[in-house]
1. Expressed as a whole percentage, what fraction of the accessible surface of the range 202-335 belongs to carbon and sulfur atoms when a 1.4 Å probe is rolled over the protein heavy atoms?
2. Using label points projected 7 Å from each Cα along Cα→Cβ, tell me how many nm separate Arg252 and Ser52, to one decimal.
3. Taking amide H positions as placed 1.01 Å from N in the peptide plane, with prolines and chain starts having none, which residues 5 or more places from Gly105, or on another chain, fall under 5 Å of its amide H?
4. Check which residues have an amide H placed less than 5 Å from Phe336's amide H, if you skip close sequence neighbours.
5. With a Förster radius of 35 Å, plug the Cβ-Cβ distance of Glu324 and Asp204 into 1/(1 + (r/R0)^6) and report the FRET value to the nearest 0.05.
6. Sorted by mean Cβ packing within 10 Å, highest first, what order do the peptides 62-74, 253-265, 174-186, 45-57 take?
7. Amide H to amide H under 5 Å from Ser184: which residues, 5+ apart in sequence or cross-chain, H placed 1.01 Å off N in plane?
8. Averaged per residue, what accessible area in Å² does the chain show with a 1.4 Å probe, protein chains only?
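The values are calculated or read from the model by the stated rules, or taken from the named source; none is laboratory data. Note that this is a predicted model, so its numbers are computed, not measured. All Cβ positions, even for glycine, are placed from backbone atoms using ideal geometry, and neighbour counts span all protein chains on display. SASA here: full protein model, heavy atoms, side chains in, ligands and nucleic acids out. Shrake-Rupley method; radii C 1.70, N 1.55, O 1.52, S 1.80 Å.
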Amino acid sequence: MNIYQHPTFEMACQQFDLVANRLGLSDADRLRLKAPKRSLIAAVPVRMDDGSTHVFTGFRVQHHLTLGPTKGGIRYHPEVALGEVAALAMWMSWKCALMGLPYGGAKGGVAVDPRKLSHAELERLTRRYTQELIGFIGPHLDIPAPDLGTNEQIMAWMMDTFSVHAGHSVPGVVTGKPVGLGGSLGRREATGRGVAYLAGRTMDTLNLPANGATAVVQGYGNVGSVAAHSLARQGLKVTGVSDALGGVFNSRGLDLRQLDEWVAEHKTVVGFPESEPIGGDALLLLPCTVLVPAALERQITAANAGQLRCRILAEGANGPTTPEADAILSARPDIFVIPDILCNAGGVVVSYFEWVQDLQSFFWGEGEVMDRLFRLLEGAFVQTLNLSRHEQISMRLAALSLGVKRVWEAKVTRGLFP
Ligand code: GLU
């Protein structure tokens, strides 16, 4: 699997190997489970506003097809690479299986900084990328969704491009669409709300009162900002937040409504009045009850894991903690980790609800969506916690074991073709 060589893919494989050892999987089963089923790399030529042509590189990796179509987001970020996308696809597999969703994992992306493109360039890029994916995606094949750097508008263009090609409207080809186009109520907020729900649930488990509790959020994007607001609604003081350009801190708590106005105008949290600036690295080391990494992978490493001063690490991002950091955290009973595939699963769970609603052309109210979301999260949280306590293993190993085992059992039951 040399073509996938990348530090993030290596990390996903290292995590998988720990689970495979615990489950006692044979070498053959390990290979079957680890290898991404298929991948597509496409040159995506785009006419830029100045008349020039730029060729971007687009990816889509489908990790396994054993349990249904594949599912996972599309990332627009300058550092997107095949190996990173493959790792993220593998994590989607274990996440969907942990949550009991009838999907394999997938991920896609384009190596691009979307902030540097005009609205029109972004649309042309998205349409051409989608065109390159025709035949590789579809409501019963592979269903993209938003991820870092993409949003509802991009999903709307993807849905439109696919539908024009099909000759009729196909809302079920992507999730995270605008509600007016067959999107689900609650999808936009689902990941952040899920993070906050599980952080609150963990505080209950640990007997930590919300009164006096604090939260710090790395990455004030769609996931981080919603998680921050939801935690504030639960009574926590949000003392620090950051984005790609820097962070802000106020020990008395940041006024999130004013912060949102600032971000809407300045496109960054940096410079927010009534706060002190803080670097991204220092932000992770702030004392707090709940630390939410909600940005990129590999943020909590051997270099900083020993110095974290949170009580709960609620992983809003995918893969924020390296296996080396995990080893350090497992010797720190003062920190409770809510692992990524559980903590941020709210997004794909409501994506699943959106897909079901689209296939049935029958739409639910927001209360029903949220109710069902919290029920699924609660079930997965309790199963993971019970396994972790019963077997004396980390929450990550427990969550991954539940996910991997389900995919493994399905593969064994279906058998090997031919
Ligand atoms: N990109 C999100 C994730 O990493 C959502 C995927 C989806 O909704 O399909 O879980």
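1. About 52 percent, which is the carbon plus sulfur part of the accessible surface.
2. 4.9 nm
3. Placed amide hydrogens put His63, His64, Lys71, Ser93 under 5 Å from Gly105.
4. Ile312, Leu313
5. For R0 = 35 Å, the calculated efficiency reads 0.70.
6. The peptides rank, most packed first, as 62-74, 174-186, 253-265, 45-57.
7. Under 5 Å from the amide H of Ser184: Gly176, Lys177.
8. Heavy-atom accessible area per residue stands at 41 Å².
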